[in-house]
Amino acid sequence: MSFPTEKQLRDRFDRSEHAVYFATADKRTRYYGFGVREEKFGADFQDVAAWAREQRYPVFGGFSFDEQSVADSALMNGYFVLPEVLYDITDQYLWGRETDPFGAPTPIAGPAITSQTDEQDWPDRVQTAVDDMQKNSNHQKVVLGRQRQVRLTGKLNLATLLADLATQQPNSYHFVLKRGDEAFVSATPERLAKVNRGQFETAGVAGTIRRGTDEAEDARLATELLQDPKNLQEHAYVVETIVSRLQDVATLTLPDGPQIMKNPQVQHLYTPIAGQLNGDNTVLALAERLHPTPALGGKPVDWAMATIQTIEQHPRGLFAGPIGVVKPDGDGEMIVGIRSMWLKQRTATLFAGAGILADSDVQAEFEETGLKMTPMMNLLKEQDK
Ligand SMILES: C=C(O[C@H]1C=CC=C(C(=O)O)[C@@H]1O)C(=O)O
């Protein structure tokens, strides 16, 4: 059998009951998986690590952000899958035995959007966290998320969605996990942990500003971000926490200060952190140590997690949770499930959060979360063409 084309793989993805797509930000690693050989629901890091070790090839999935549970979902409360067949696009290699020939696709028009519901009271709820932080200086940072429900006239065409992800969000990770009538889609810029033969990489990504309308404005905004005390502080909490959680397992290398990472809608403060692991640490052991970083949770972590549960209206599920690929030898890559949405039947739930500090302007944070929802919103709008 010759290796299938990208179009065949995307069409197959849309047709399949169960499928997964994973691509790294640089697109040097890409996988398509179809079908289910084994599944694991709601497991913890150690269970998944032990299970992944028994498999012949990589498993894919994610952990729920916290212990709260999302109703009516087999995916959002933590789910991993060993696909029946797995296409490693980089190595042009097929794991498992292909039984489903790549038939001719039936062109299906994508659905239209019928309504959109936002949490309009989010700024007021976030203000209560700001007031608390102004009174208690030990409450330093909390990342608060909101959700948008978008009703659609029908099921999304996932072949179109995969093609649009590639063109619209070229420098993000891409993760699409489909199980029955549900799917989780993320175009995240954020790596949590990559482990490859004793070397590891992670990153601090926190602190955000919009893109400019031309090159000059874009550069001006980047300079503003690099000098903005609130964003620098928000970013520093993330880097300091990552360093302190890893220093006894690795020798770390990181630049003196943050750089700029640009995505189509936003620019972020970004600090790449790399190192050599001292012992036999797997990607899941590192992800467990790191999750949640203050880019998704906050500082101090216990107060931040409790505040998230109090102020956010719905459980996060895979939003902001560790998602990715784990190989049998323990290497692999976990990313964080932001810039994401959960599809269930005819509803898309979009997620976005923002790092809140005592000096946050809640309206500006609301607008930032709107910008962060744009990648998923654009995928939905593209369907109706
Ligand atoms: C929580 C999100 O973004 C995090 C990652 C990068 C920048 C962030 C910020 O500037 O607030 C957030 O910490 C999200 O996109 O939903």
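The values are calculated or read from the model by the stated rules, or taken from the named source; none is laboratory data. Keep in mind the model is a prediction, meaning the values are calculated, not measured. Cβ sites come from the backbone with ideal geometry, for glycine too, and all protein chains shown count toward neighbours.
Filter segment 173-206 down to residues that are among the small types (Gly, Ala, Ser) and within 11 Å of the ligand (Cβ to nearest atom) and give me whichever is nearest to residue 274 (Cα to Cα).
To start, the set of residues in segment 173-206 that are among the small types (Gly, Ala, Ser) comprises 180, 183, 186-187, 193, 198, 203-204, 206.
Filter again for within 11 Å of the ligand (Cβ to nearest atom), leaving 186-187, 203-204, 206.
Numbers: 186: 24, 187: 22, 203: 8, 204: 11, 206: 17 Å.
Checked segment 173-206; the qualifying residue nearest to residue 274 (Cα to Cα) is 203.
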Considering 90, 29, 99, which residue is closer than 16 Å to residue 324 by Cβ, hydroxyl-bearing (Ser, Thr, Tyr) and surrounded by fewer than 16 Cβ atoms within 10 Å (Cβ to Cβ)? 90
Going through segment 334-347 in order, the residues found to be buried (at least 24 other Cβ atoms within 10 Å of the Cβ) and either out of contact with any Asp or Glu (no Cβ under 8 Å at 6 or more places or on another chain) or farther than 25 Å from residue 52 by Cα (or both) are 334, 337, 339, 340, 341, 343
Mind telling me which of the residues 266, 238 ends up being at pLDDT 95 or above and within 16 Å of residue 291 (Cα to Cα)? 238
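Is it the case that segment 358-369 has a residue that's aromatic (Phe, Trp, Tyr) and touching a Ser or Thr at 6+ places or on another chain (Cβ under 9 Å)? Spell out the reasoning first.
First, pick out the residues of segment 358-369 that are aromatic (Phe, Trp, Tyr): 366.
The next check asks that each one be touching a Ser or Thr at 6+ places or on another chain (Cβ under 9 Å); those that pass are none.
No, segment 358-369 contains no residue that is aromatic (Phe, Trp, Tyr) and touching a Ser or Thr at 6+ places or on another chain (Cβ under 9 Å).
List the strands (runs of 3 or more DSSP E) inside segment 238-312, counting only whole elements, that have at least 2 residues being touching a residue at least 12 places away in the same chain (Cβ under 8 Å) and under 18 Å from the mean Cα position of the chain (by Cα). Steps first, please.
Numbers: elements: 250-253, 259-262, 266-277.
It comes to 259-262, 266-277.
For every residue, the table says whether it meets (1) modelled with pLDDT under 95; (2) more than 20 Å from residue 354 (Cα to Cα).
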residue	(1), (2)
200	no, yes
206	no, no
225	no, no
251	yes, yes
258	no, no
271	no, no
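Tell me which residues, restricted to segment 6-46, are assigned to a helix (DSSP H, G or I), within 25 Å of residue 288 (Cβ to Cβ) and more than 18 Å from the chain's Cα centre (by Cα). Write out each step before concluding.
Quick first cut of segment 6-46, residues assigned to a helix (DSSP H, G or I) only: 6-15, 45-46.
Keeping just the survivors that are within 25 Å of residue 288 (Cβ to Cβ) gives 45-46.
Across segment 6-46, the qualifying residue is only 46.
Return yes when residue 223 is surrounded by fewer than 15 Cβ atoms within 10 Å (Cβ to Cβ) and part of a helix (DSSP H, G or I) and no when it is not. Steps first, please.
Working: surrounded by fewer than 15 Cβ atoms within 10 Å (Cβ to Cβ): yes; part of a helix (DSSP H, G or I): yes.
Yes: the conditions hold for residue 223.
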When segment 238-250 is checked residue by residue, the ones that are within 16 Å of the ligand (Cβ to nearest atom) and surrounded by fewer than 21 Cβ atoms within 10 Å (Cβ to Cβ) are 240
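Across segment 350-363, what is the number of residues that are surrounded by fewer than 21 Cβ atoms within 10 Å (Cβ to Cβ) and either of a type outside the set (A, V, I, L, M) or within 11 Å of the ligand (Cβ to nearest atom) (or both)?
Of the residues in segment 350-363, 3 are surrounded by fewer than 21 Cβ atoms within 10 Å (Cβ to Cβ) and either of a type outside the set (A, V, I, L, M) or within 11 Å of the ligand (Cβ to nearest atom) (or both).
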Can you confirm whether residue 128 is within 16 Å of the ligand (Cβ to nearest atom), among the hydroxyl-bearing types (Ser, Thr, Tyr) and over 18 Å from residue 382 (Cβ atoms)? no
